[in-house]
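These notes concern the structure reproduced below.
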Amino acid sequence: MADEEQENTEEEGGGGKSKLLIIIIAAVVLLAGGGGAAFFLMSGGDEAPPEATASQEKAVSDAPPAPALYVTLDMPFIFNVTGDSAHRLVQVEIQLMVRGESHQFMVQQNLPLVESALLEAFGKATVQQLRTAQGQDEVRQMAAESVQNAMEKAIGEASLNGCYSLVL
């Protein structure tokens, strides 16, 4: 009886080893296949064919511009303007229009530079300019160009699309 039990356990143990071997081989084959597929899909030319890059450039140029976002400066600007008979104080609230969240972030990160550029531009304004709508537009354009130039020097890219002000 003891001999029969040993034979039964040997037969069962032998079958378990072969099943384990088959499972290991299947796992190795699956891993090798997955690795090969990943290599095949991830490898390839780094450069796109010329016709593909041309169509991508066209798609980028046809893409609509990023949405307009506005950065409102918290405190109004108070500055002196020269007039014929006396100097006057002017208070202006400013909003800057940018395209895209990255430019909005850049303007907010460089607010001291932006405020300095705006004060420099507003310091060149005269009372006669601020009395007319055309003169106010000139000052607004001058302020936008000043901020644009300052941001270009600071971050190497133009980020401002407009400067809007309200003279109080």
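Taken together, the values in this text are just the output of simple stated rules run on the coordinates, not laboratory data. Fair warning: this is a prediction, and the values are worked out from it, not measured in the lab. Virtual Cβ from ideal backbone geometry, glycine too; neighbours counted across all protein chains shown.
The residues neighbouring residue 67, those whose beta-carbon lies less than 14 Å from its own, together hold a net charge of 0 under the Lys/Arg +1, Asp/Glu -1 convention. The ranking of 19, 124 from fewest to most other beta carbons within 10 Å of each one's beta carbon is 19, 124. The packing ranking, built from the mean of other Cβ atoms within 10 Å per residue, places the peptides 130-141, 95-106 in the order 95-106, 130-141, highest first. Label positions at residue 102 and residue 149, each projected 7 Å from the Cα along the C-beta direction, are separated by 2.6 nm. Note on 122, 40: ascending count of other Cβ atoms within 10 Å places them as 40, 122, the fewest first.
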